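The values are calculated or read from the model by the stated rules, or taken from the named source; none is laboratory data. All values reported here derive from a predicted model rather than from experimental measurement. Cβ atoms come from the backbone with ideal geometry, glycine included; neighbour counts cover every protein chain shown. Each accessible area value is taken on the protein alone, full model and side chains, heavy atoms only, with ligands, DNA and RNA left out. Shrake-Rupley method; radii C 1.70, N 1.55, O 1.52, S 1.80 Å.
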Amino acid sequence: MDRDKQPIGEVKDINTLPFKEKIKVLLEQRQIGPIQALIELAKEEAEGFFINEIGEFYASIDVNGMTKNVNIEKKLFKLWLRRVYYHTFGKPPSENTIKEAVSTIAALEDGKLNNRISAPTRVARVEDTIYVDLGHDNNQYVKIDKNGWQVVTSTPVKFVRPSTFLSLPIPASGGNIEDLKKIMTVDEDQFALIMGYIIGCYNVGSPFPVLVLQGGQGSAKSTTAELVKYLVDNAFPLLRWFPKNEEDLIISTQTNWVLAFDNLSNVTNSMSDALCKISTGGGLATRKFYENGEEVVFSAMRPIVLNGIDYIAYRPDLADRSIIIHLPIIPEHKRRGKKEIWAQFHEQCPYIMGVIFDAVSMALREQDNIKLDKAPRMADFAKWVTATEPVLGLRSGRFMEIYRENQNESKIEGVEQDLMAMAISKCLSATPSIEGSATEILDILSKFVPASSLNSKESLSAPNQFRNKINRILPLLAAKKIDYEYVRTAHERKHLLRRAK
């Protein structure tokens, strides 16, 4: 064979190369640029993409051998992109390459992903099964159904772990609920309510009561709130300062299952209303970015824990949704250091969690069999916890007795906190009924307002807001056995307040 015509080697088809080698060749030959190279690598390396309920894009990626669902706009996904690029090309991508790749991935996936998928944190429900993300790197979850609970290593739920997310201990069987009672400085009825609240935190998809812990300094209200938060949704920090506005409050629901706020005082009317919305389910629409008019809608229903010295649930609608626990100041000779309390708690925590999950399983099994004589405001919660009375060591019907008593006490106390309700109560102690226009009734009620309240008539209500005010305090009036009636005719509008017969 002629030396000049001898083949010097075969040229491989680029399509036969391994994927990463193919991308490297295409980039070297400048058939694609760094941005497209990174996009193709991300699509190949990611396990998949999805959109959550509020339209955010997520990627399921492998991080140190564990699948994580991450928002593609967040730091973790961008770090992952940087690693993928560096391991392929031996050099880091530019910030612009990462930014453009993220934007393009969102644009490409937007046309393909029509179904939005829930991306919960910590607790989720799939039909009659509840899943709890324990937060361990070896993919351990708790699966709870009507037959019991077990630790599993996979779940159909696309859980998301925020940066503040911390792990829970592996639950263990054979625990005793009395172990937690010994740690908390509460009486029998208060403990039943707190345990009911904790168990209720796992009733995904139903309204949650607000747990309000009140007491003076030295009543262990913050420690009690921390213990409750830890048993459901361990995080750093366990307790947070209360947000300044409704937007910050609703955004906090995206990174927490249980919202726990410390040392509250002077909760505004608008923030009290916001707490009510989150307790029973509500949303907020706001601008996505300040520089444009694009709207993003947040919607959430979350368990909430509040603690403070001042009376927090002074608004009747919040009090009606709350379990209010008044913690006594602990005598000095009975006080324990926080380190001692937490050491005891961590020792017992796996067994306590096992008992809680036993109760949740029982609730799933028995809830539909529970019939309440009178359904309270939070009826789903009441039925859920009533179903667990055997695990809580309560006789049949006892939880509802305790719960109703707590609600009634809260309403009676609320009368003392509300100027209008207090004035009506005092007035009807002196006369069986009052009737007239809003202006006429306000004139009468102003005589029953403490002298320390300046401009007493306006401090009660403006005449044109009188009916709205009355409607808001109706639960408080009912607790004091006061009826209200509004009569409207072609000639007049009258309000009637009287003692119930």
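Quick notes
- Over 26 Å between alpha carbons, listed pairs K181/K338; K143/K383; K371/K501; K158/K221; K74/K143: K371/K501; K158/K221; K74/K143
- Global geometry of the range 135-272, whether rounded, prolate or oblate, following the gyration tensor of its Cα atoms and the 1.5 cut on a/c: oblate
- Note on L474 and T164: their simple-model spin labels are 3.6 nm apart, each label 7 Å out from Cα toward Cβ.
- Tilt relative to the chain, helix 338-366 - C-alpha long axis, 0 to 90 degrees, to 10: 90
- One chain, two ends: T255 and A451. Fully extended at 0.36 nm per residue, the span grows by 65.9 nm beyond their Cα-Cα distance.
- Among (1) 232; (2) 202; (3) 360, the entry that matches volume of the Cα convex hull per residue in Å³ as calculated here: (1)
- Candidate aspartates and glutamates for bridging to K22, where Cα separation is under 16 Å - those fewer than 8 sequence places away on the same chain excluded: D13, E40, E44, E45
- Per residue of the chain, the DSSP helices (runs of n ≥ 4 H) give a summed -39500 (n - 2.57) that works out to -12500 deg cm²/dmol at 222 nm.
- Inter-label distance, S270 to D62: 4.9 nm, where each label sits 7 Å from its Cα along the C-beta direction.
- Sites matching trypsin sites (Lys or Arg not before Pro) across the range 81-151 that sit in DSSP coil, with at most 15 neighbouring C-beta atoms within 10 Å: K112, K146
- Counting only aspartates and glutamates at least 8 places from K480 when in the same chain, those with an alpha carbon closer than 15 Å to its own are D320, E405, E409, E413, E416, D418.
- Whole-Å distance, taken between Cα centres, linking the range 123-168 and the range 44-86: 20
- Gyration tensor verdict on the range 287-413 (Cα atoms; rounded if a/c is under 1.5, prolate if a/b is larger than b/c, oblate otherwise): rounded
- Eligible lysines near K20 by straight Cα distance, threshold 23 Å, same-chain separation 8 or greater: K12, K43, K68, K78, K91, K99
- Theoretical gain in end-to-end length, R30 to R499 [0.36 nm per residue, Cα-Cα removed]: 160.2 nm
- Two-site label geometry, I54 and L76: point separation in nm, points 7 Å out along Cα→Cβ: 1.7
- Share antiparallel - DSSP beta bridges, the chain, percent rounded to 5: 75
- In terms of its C-alpha gyration tensor, the range 355-478 has a prolate overall shape, because the principal axis ratio a/c (a ≥ b ≥ c, square roots of the eigenvalues) is not below 1.5 and a/b outweighs b/c.
- For the chain: relative contact order, % (alpha-carbon pairs under 8 angstrom, 6 or more apart): 12
- A probe of 1.4 angstrom, applied to the heavy atoms of all protein chains, finds E340 with accessible area near 100 square angstrom.
- Extension gain, I329-S396: 0.36 nm per intervening residue step, less the Cα-Cα distance, totals 21.0 nm.
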